[in-house]
Amino acid sequence: MIRREQMCNAAVILLLLAIPLWAHSADAPFVITLATKVTILALAGVGLNIALGIGGLVSLGHAVFFGIGGYATGILASHAQTYEPLLQAPFVIEGTNQMPIIWLVAVVFSALAALVIGALSLRTSGVYFIMITLAFGQMFYYFAISWSAYGGEDGLSIWVRNEFPGANTLVPLHFFLICFAILCAVLWFAARLARAPFGLALAAARQNQDRVEAVGITPYRLRLVAFVVSGAITGLAGALFADLNRFVSPSMLSWHTSGEIMIFVIIGGVGRLFGPVVGAAIFILLEHFLGGISEYWQIYLGGFLLVIVLYARGGVIGALAGREVAHD
Amino acid sequence: MTDPNHSVSPVLEVRGVSKSFGALHASRDISLDLRAGEIHALIGPNGAGKSTLIKQITGELRPDRGSVLLNGEPIDHLSRMARAQRGLGRTFQISALAMDFTVLQNAVLGALVARGGVFRFFSNVMRDRDLVARASEALDRVGLADVAQMRTADISHGQRRQLEVAIALTQRPKLFLMDEPMAGLGAGGSQSMTVFLASLRQEAPILLVEHDMDAVFALADRISVLVYGQIIATGTQEEIRNSVEVQRAYLGEEDAL
Ligand SMILES: Nc1ncnc2c1ncn2[C@@H]1O[C@H](COP(=O)(O)OP(=O)(O)OP(=O)(O)O)[C@@H](O)[C@H]1O
Ligand SMILES: [Mg+2]
């Protein structure tokens, strides 16, 4: 039996693919850029959703991972541009403009950051957890501002978009398809994870910590692993985001970014597989259309968020597809 | 199954455990043991410190003094999780369940940890035959097979009590610590639970905290009476009924016997 949520999801993903394909033939590269932005932000949200949706971890520090991904792209690319090695001694590390290598670096470093931040902040819970993740976010933000070697406050420009074997990333549709393929792969992974033993235990720890401890699982371990996986995915999104804009700046690390990712996950549906995709699409559409009307378009975003939080706890996906069907 | 006379040490032993919350002495030098094959009932008025004692056995609370031994080995240094893995299966006085899960999922959670393999990221846990079979069997035994696919938030209070017991069963523990499993079950429910627990003692001994005296007298091989954090008597049903101290302190006023 195909459930309503699965039909919703299929419609969303097909639409996300169809619009840029159409825009490509209609020669509307700007639309493709918008769709790419949705795709990348959705990916960042899928990352957050693993911590927030399944694990119940309200992290206001996910901009750290997004930013680390972004700076991985920026730093590696800038060294490739200038032919100056990143490191001379004890061994030489060159920059690169190869996306797969950049992604790997982005994932590894954001995972490491998540491991450290998670290991410290997950000892607390509730509002303290939120505050500690926020504090880490601020630390990284101000560090980036003061890091003059890589542009400091002004950020870093990437002159030419990085390369992917077999594709011409300067063609907007090619770059979109690369991002789209990654999003699909990560969605598949997130869906498996939610149904896996790990997902069950993590969701149980969110609902009743006493229960998981009584059967012999340490919630801390579950949450730390979830936080690392979550951070790594958001970091990968950050790497793509930098390549989309050909620019990285400390604003990627600011707590506004954390807040925005959380806002669109909530709008789309916390804990719903496609919640971040729908949320990111709504966010970008509002920004695009309302942003043209008023500089203060986020007023409307706030109103939208309020309605969702008050009347549709499952977000837009929840309103369309009904209550979540638990594991089957 | 196990002959109590052959076992060198009791399955569980509590030795001189004391615990204070500020000025309140919730446990005063408590010693008791649980032998293979028995049901040992722990009774006492509200606030006597029964749940507090259970928590010190499971590791949720650290005693100020005293020691807890499992099969003769001290487990004081072990975390709550490690003790659960060593075979302490407990049920909560107030149900602690994942309310968004189905009944079956709650049971699978227990079976999962007992079997191992929590950190698996790709396999579908509800398609794991071994786990689901183990969980279903436990649900079956407590009479929840019919509601296995229902959301835990939607089943009755009494059914949640039964689910607590079922989860403990999936762990296949060495002993059960049950904190008022009959509470809120209703007459029919407590009767079938009584019959079930009577058969369960063959698998693993039970330390049973219970207010339902019919159940206690139907089940208990031994009874300990806890009043104001202190064990005032331990013995067979006969001994407890005849204890002057118990009558004075606890049973007399209620005319429960
Ligand atoms: N964490 C705590 N902090 C302070 N006091 C506590 C704490 N836990 C329990 N108490 C107190 O310790 C005493 C014993 O409580 P406990 O829950 O063990 O009683 P009980 O015998 O299980 O009672 P009941 O039959 O009502 O379940 C009570 O007076 C209770 O208020
Ligand atoms: Mg109690």
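Read-outs: derived from the displayed coordinates by stated rules, not from any lab. Nothing here was measured: the structure is a model prediction, and the numbers come from that model. Glycine also receives a Cβ, built like all others from the backbone with ideal geometry; neighbour counts cover every protein chain displayed.
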- Rounded, prolate or oblate: which one fits segment A:139-189, using the alpha carbon gyration tensor with axes a ≥ b ≥ c (rounded when a/c is under 1.5, else prolate when a/b beats b/c, else oblate)? oblate
- Nearest-20 debye value, the protein assembly as shown charge dipole, Cβ charges on Lys, Arg, Asp, Glu: 540 debye
- Which of the helices in chain A meet the span-like rule: DSSP H, Cα axial reach of 18 Å or more, Kyte-Doolittle mean at least -1.0? A:4-25, A:29-49, A:62-82, A:99-121, A:126-146, A:172-195, A:219-245, A:255-268, A:275-293, A:298-311
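Note down the relative contact order for chain A as a percent, whole number, built from C-alpha pairs under 8 angstrom at least six residues apart. Intermediate values should be presented prior to the final figure.
Values: 545 pairs, mean separation 106.0, N = 328.
Contact order relative to length: 32 percent.
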- Query: At A:H288 and B:V244, where each label point lies 7 Å from the Cα along Cα→Cβ, what is the point-to-point distance in nanometres?
  - Reply: 9.0 nm
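Pairs on different chains or at least eight residues apart, Cα atoms closer than 22 Å: how many lysine pairs in the protein assembly as shown fit? Don't jump to the answer; show the numbers that get you there.
On the way: B:K19/B:K50; B:K19/B:K55; B:K50/B:K174; B:K55/B:K174.
So the count works out to 4.
Give me the net charge of B:T194's neighbourhood, meaning all other residues with Cβ under 12 Å from the Cβ of B:T194; Lys, Arg count +1, Asp, Glu -1.
Details: positive: B:R201; negative: B:E210, B:D212, B:D214.
Net charge in that neighbourhood comes out at -2.
I'd like the per residue volume of the convex hull spanned by the Cα atoms of segment B:1-114, given in cubic angstrom. Could you put the intermediate results ahead of the total?
Values: hull volume 15.8 nm³, N = 114.
It comes to 138 Å³ per residue, whole-number rounded.
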- Message: With only alpha-carbon pairs counted, each pair once and no self-pairs, how large is the Kirkwood hydrodynamic radius of the protein assembly as shown in angstroms?
- Response: 26.7 Å
- Message: Taking each residue in B:99-106, count the Cβ atoms of any other chain within 10 Å of its Cβ, then average. What number comes out?
- Response: 5
- Note on the structure: In terms of the alpha carbon gyration tensor, root eigenvalues a ≥ b ≥ c, rounded if a/c is under 1.5 and otherwise prolate when a/b exceeds b/c or oblate, segment A:116-263 is oblate
- May I ask for the distance between the Cα centers of segment B:82-103 and segment A:1-76, given as a whole number of Å? 37 Å
- Cα-based shape type of chain A, given that a ≥ b ≥ c are square roots of the gyration tensor eigenvalues and the cut on a/c is 1.5: oblate
- Binned Cα-Cα distances of segment A:244-290, short to long, each 10 Å bin given as a whole percent: 27, 45, 28, 1
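What does the charge count around A:C179 come to, taking other residues whose C-beta lies under 10 Å from its C-beta (Lys +1, Arg +1, Asp -1, Glu -1)? Write down the numbers at each step before the final one.
Details: positive: A:K37; negative: A:D243.
With Lys, Arg at +1 and Asp, Glu at -1, the net is 0.
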- Indicate the helices, whole DSSP H runs only, in chain B that combine a mean Kyte-Doolittle hydropathy of 0.5 or more with a Cα extent along their long axis of 15 angstrom or more. B:103-115, B:186-200
- Message: Could you list A:W103, A:W147 so that the one with the fewest beta carbons within 10 Å of its beta carbon is first and the one with the most is last?
- Response: A:W147, A:W103
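Taking every DSSP beta bridge that has both residues in chain B, what percent is antiparallel when rounded to the nearest 5? Present the calculation step by step, with values, prior to reporting the outcome.
Working: 20 of 36 bridges.
In chain B, approximately 55 percent of DSSP beta bridges are antiparallel ones.
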- Task: List the extent of the Cα atoms of segment B:105-186 along each of their three principal axes, largest first, rounded to whole Å.
- Result: 42, 29, 18
- Can you give the mean number of other chain Cβ atoms that lie within 10 Å of the Cβ atoms in peptide A:298-306? 0
- Query: Pulled fully out, how much extra length does the chain show between A:V58 and A:Q209, if you take 0.36 nm times their separation in residues and subtract their Cα-Cα distance?
  - Reply: 52.8 nm
- For chain B, what Kirkwood radius comes out of the mean inverse Cα-Cα distance, in Å? 18.9 Å
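Is there a simple number for the mean count of other chain Cβ atoms within 10 Å of the Cβ of residues in A:244-252, and what is it? Show your work: numbers first, answer last.
Working: counts 0, 0, 0, 0, 0, 0, 0, 0, 0.
What the average comes to for A:244-252 is 0.
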- Item | When segment A:225-267 is reduced to its Cα atoms, the Kirkwood hydrodynamic radius in Å | 11.3 Å
- Query: How far apart, in nm, are the 7 Å Cα→Cβ label points at A:W159 and A:E295?
  - Reply: 3.4 nm
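For A:V225, A:V278, what ranking results if the residue with the fewest other Cβ atoms within 10 Å of its Cβ goes first?
Working: A:V225 20, A:V278 26.
Neighbour counts put them in this order, fewest first: A:V225, A:V278.
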- Sorted by Cβ neighbour density within 10 Å, fewest at the top, the residues A:M262, B:M178: A:M262, B:M178
- Over what distance in Å are the Cα centres of segment B:145-207 and segment B:209-231 separated? 18 Å
- Mean residue ellipticity at 222 nm from the helices of the protein assembly as shown, using -39,500 (n - 2.57) per DSSP H segment of n ≥ 4 over the full residue count, to the nearest 500 deg cm²/dmol? -17500 deg cm²/dmol
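What do you get when you divide the Cα radius of gyration of segment B:131-227 by 2.2 N^0.38 Å, with N the number of residues?
Working: Rg = 13.4 Å, N = 97, 2.2 N^0.38 = 12.5 Å.
Rg over 2.2 N^0.38 Å, computed on Cα atoms: 1.07.
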- Task: Evaluate the distance, in nm, between pseudo-label points positioned 7 Å from the Cα of B:H157 and of A:V116 along their respective Cα→Cβ axes.
- Result: 5.1 nm
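Out of the DSSP beta bridges found with both residues in the protein assembly as shown, what percent are antiparallel (nearest 5)?
Details: 24 of 41 bridges.
The antiparallel fraction comes to roughly 60 percent.
Considering only the other residues whose Cβ falls under 10 Å of the Cβ of B:S9, what net charge follows from Lys and Arg at +1 and Asp and Glu at -1? Don't skip to the end; give the middle numbers.
Numbers: positive: B:R35; negative: B:E13, B:D33, B:E73.
Neighbourhood net charge equals -2.
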